[in-house]
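The values are calculated or read from the model by the stated rules, or taken from the named source; none is laboratory data. As the structure is a computational prediction, the values presented were derived from the model and not from experiment. So basically every Cβ, Gly included, is an ideal-geometry build from the backbone, and we count neighbours across all protein chains shown.
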Amino acid sequence: MKASNLIYSQSNGFSLDFRQSGINKDAIRSLDDLLASAHKEMLKIEAGEIKNPDEQRQVTHFTDRLDYIDSEQFNNVESFFADLRAGTINGSTDKAFESVIINGIGGSALGPQFLQFALRGPYWNEASSAERDANLKIYFTDNTDPAGLTDILKLIDLETNLMISISKSGGTRETRNNMDSIEAIYKENDLDFAQHAAAVTMEGSKLDNYAEENDWLKIWPMADSIGGRTSETAIVGHVPAAATGIDFESLLKGACLMDEWTREENPLNNPAYLLAASWFLLGNGSGEKNMVIVPYSDRLVLLSKYLQQLVMESLGKEFDLDGKTVYQGLTVFGNKGGTDAHAYIQQLNDGSNDFFITFIEVLENAAAYPLASGLDMGDYLHNFMQGLSNALHGNERSVIRLTVEKLSAESIGLLIALYERAVAVYAELINVNAFHQPGVEAYKKISESMNELCLELQSFISDNKGFSGNAAAVAEKLNKSAQHIEIDGILSKFAVNNRSFGDSSISRSFNDNGWTYIIA
């Protein structure tokens with residue numbers, strides 16, 4: 001694979017380097033017509049036209065952040081957390097807040113988690129209040145796994161904790177489950193949960209109404225036109241960032257700067273267009289190759305998780321905008337370098353050539369650690385990255401390099417805005433709606449039917465004391481023979497967790513025919 005001369009760079013140290021990707025200027029120019037059409041669609045987005053036709057919504061995350069810094073809402077968020085730090089807003093027992101639980105899932109968690117880890121690091125909560133400048137310790141509940149909430153409850157003091165639930169619709173079940181569970185715990189401890197609760201949600205949502213009715217400490221409204229996976233530069237990202245004192249204004253400035261660069265019509269001078277075009281070319285326009293994201297920075301380890309949602313939820317679509325079945329998408333995975341060089345990189349170098357890889361480098365070291373060899377720890381990190389890049393390139397693998405000068409709120413803003421725009425442009429290249437998620441909605445509906453089956457099995461257990469049999473026998477009694485696998489799974493959970501319903505309990509025993517369930 002020959003090296004090309006395709007590289008985009010700016011004076012602040014940002015660069016996007018395709019010289020080991022196999023993509024050259026002529027290849028980009030072969031997409032001129034597609035990119036010109038995509039550019040027109042980007043202009044429509046920023047002009048406020050409907051760009052989510054399935055839900056008849058505008059898409060405003062690019063434009064809203066231009067005005068957000070000077071908005072009343074921005075100042076409201078900053079003032080609220082300044083008052084928390086000063087001790088003028090306290091919990092129900094008048095103790096100062098020490099910690100916050102950010103309760104959300106998907107874009108309401110992945111972006112905030114990525115930002116917190118990148119700028120506050122993994123050990124933020126272990127620092128003293130003085131070391132944190134009275135900013136809050138931060139925890140996340142982003143699932144309906146009881147282990148997550150249990151682990152947090154072992155560490156926090158209910159009297160000094162704030163829970164902020166983030167949900168656009170207010171009906172997201174995982175978020176509601178955590179909220180209901182912790183509210184019950186506050187009541188058990190004779191504490192007024194409302195004085196420890198805040199919400200980020202749409203006006204008029206279930207969560208908004210509940211918070212209003214119960215006089216919660218604070219409610220911040222969110223826009224209908226900003227989806228979860230593109231909400232990190234909006235109120236969804238701002239509130240968790242402000243809780244730990246992150247300079248969100250700088251993040252917005254970085255994002256807006258990238259927006260300026262990526263409004264350029266010439267694709268060779270537009271980093272988002274270059275990135276989207278490279279994905280299209282390397283995957284033959286159909287996502288034939290996986291996107292591997294490897295930041296050479298411990299602090300950026302969550303970037304690949306964040307991009308998994310942004311890319312895969314936006315681009316993984318069964319139908320295109322014309323209703324044609326296309327099964328589009330890009331598969332994203334990654335962790336961090338050089339850890340990855342001692343893990344799955346073996347397959348990338350020697351195995352199937354079914355990917356392209358993006359290395360992300362932060363030039364500025366967090367500290368200097370000189371070694372006896374005459375090199376610094378940071379020198380080794382860079383050299384290992386370059387060595388791996390050369391090895392992959394020499395083995396006909398496509399490598400993209402993205403560089404920022406230092407890790408800061410501004411550079412994180414650059415990265416977020418770059419990938420947001422690249423995803424939107426790529427969606428235009430493949431003619432799909434990047435701003436809806438019908439597959440997610442379909443799973444929610446199917447899951448709801450499982451919840452109904454679960455309740456039906458609770459009634460069965462309550463009414464059938466003395467029953468003994470396998471899941472198929474239960475399914476037959478319920479006239480649901482086709483659902484014996486689902487019934488087996490639910491009964492297993494009940495039995496292992498010693499659940500009881502009415503005055504009946506369920507256990508299980510294993511024999512040659514599998515599990516038998518006993519109702520006593």
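Does residue 156 meet the test of being in the same structural domain as residue 228 (by TED's automatic domain parsing) and in contact with a Gly (Cβ under 9 Å, 6 or more places away or on another chain)? Against the criterion (in the same structural domain as residue 228 (by TED's automatic domain parsing) and in contact with a Gly (Cβ under 9 Å, 6 or more places away or on another chain)), residue 156 does not qualify.
Can you name every residue in segment 188-211 that is within 19 Å of residue 84 (Cα to Cα) and among the hydrophobic types (A, V, I, L, M, F, W, C)?
Within segment 188-211, the first condition is being within 19 Å of residue 84 (Cα to Cα), and the residues that meet it are 191-200.
191, 193, 194, 197, 198, 199, 200 - these are the residues of segment 188-211 that are within 19 Å of residue 84 (Cα to Cα) and among the hydrophobic types (A, V, I, L, M, F, W, C).
Are any residues in segment 116-146 touching a Gly at 6+ places or on another chain (Cβ under 9 Å), of a type in the set (D, E, K, R) and in a loop (DSSP other than H, G, I, E, B), and if so, which ones? Once the filter is applied, which keeps residues that are touching a Gly at 6+ places or on another chain (Cβ under 9 Å), of a type in the set (D, E, K, R) and in a loop (DSSP other than H, G, I, E, B), segment 116-146 yields 132, 133, 142.
When 422, 471 are checked against the criterion of being touching a His at 6+ places or on another chain (Cβ under 8 Å) and surrounded by 15 or more Cβ atoms within 10 Å (Cβ to Cβ), a single residue qualifies: 471.
Taking segment 154-179 as the region of interest, how many residues are in a helix (DSSP H, G or I) and over 23 Å from the mean Cα position of the chain (by Cα)?
Let us first name the residues in segment 154-179 that are in a helix (DSSP H, G or I), namely 158-160, 173-179.
Now narrow it down to the ones that are over 23 Å from the mean Cα position of the chain (by Cα): 158-160.
Looking only at that region, the number is 3.
If I filter segment 426-447 for residues that are at pLDDT 95 or above and surrounded by fewer than 12 Cβ atoms within 10 Å (Cβ to Cβ), do I get at least one hit? No, because not a single residue in segment 426-447 is at pLDDT 95 or above and surrounded by fewer than 12 Cβ atoms within 10 Å (Cβ to Cβ).
For segment 463-492, filtering for residues that are in a loop (DSSP other than H, G, I, E, B) and over 22 Å from residue 512 (Cα atoms) leaves 5. Taking segment 369-386 as the range and being surrounded by 13 or more Cβ atoms within 10 Å (Cβ to Cβ) and under 20 Å from residue 349 (Cβ atoms) as the test, the residues that pass are 380, 381, 382, 384, 385, 386.
Could you tell me which residue of segment 493-520 is surrounded by the fewest Cβ atoms within 10 Å (Cβ to Cβ), considering only residues that are assigned to a helix (DSSP H, G or I) and touching a strand residue (DSSP E or B) at 6+ places or on another chain (Cβ under 7 Å)? Looking at the filtered set, the residue picked out is 495. Looking across 174, 188, one residue alone is surrounded by fewer than 19 Cβ atoms within 10 Å (Cβ to Cβ) and either among the basic types (Lys, Arg) or assigned by TED's automatic domain parsing to the domain that holds residue 100 (or both). It is 188.
Being surrounded by 16 or more Cβ atoms within 10 Å (Cβ to Cβ) and hydroxyl-bearing (Ser, Thr, Tyr) holds for only one residue in 150, 160, and it is 160. Taking (1) touching a strand residue (DSSP E or B) at 6+ places or on another chain (Cβ under 8 Å); (2) outside the structural domain of residue 14 (by TED's automatic domain parsing) in turn, residue 456 satisfies each apart from (1).
Applying a threshold of 7 Å to beta carbon distances and a minimum spacing of six or more residues, or different chains, the list of pairs starting in segment 82-99 at a residue that is without any contact (Cβ under 8 Å) to a residue 60 or more places away in the chain and ending at one that is β-branched (Val, Ile, Thr) reads 83/89.
Which of the following residues is of a type in the set (A, V, I, L, M) and touching a Ser or Thr at 6+ places or on another chain (Cβ under 8 Å): 156, 164? Full working, then the answer.
Working: 164 fails: touching a Ser or Thr at 6+ places or on another chain (Cβ under 8 Å).
Just one listed residue meets the conditions, 156.
Does any residue of segment 254-265 turn out to be closer than 30 Å to residue 160 by Cβ, at pLDDT 95 or above, of a type in the set (Phe, Trp, Tyr) and not in a loop (DSSP other than H, G, I, E, B)? No. Quick check on segment 79-104: of everything there that is in contact with a helix residue (DSSP H, G or I) (Cβ under 6 Å, 6 or more places away or on another chain) and among the charged types (D, E, K, R), which residue is surrounded by the most Cβ atoms within 10 Å (Cβ to Cβ)? By that ranking, first place goes to 98.
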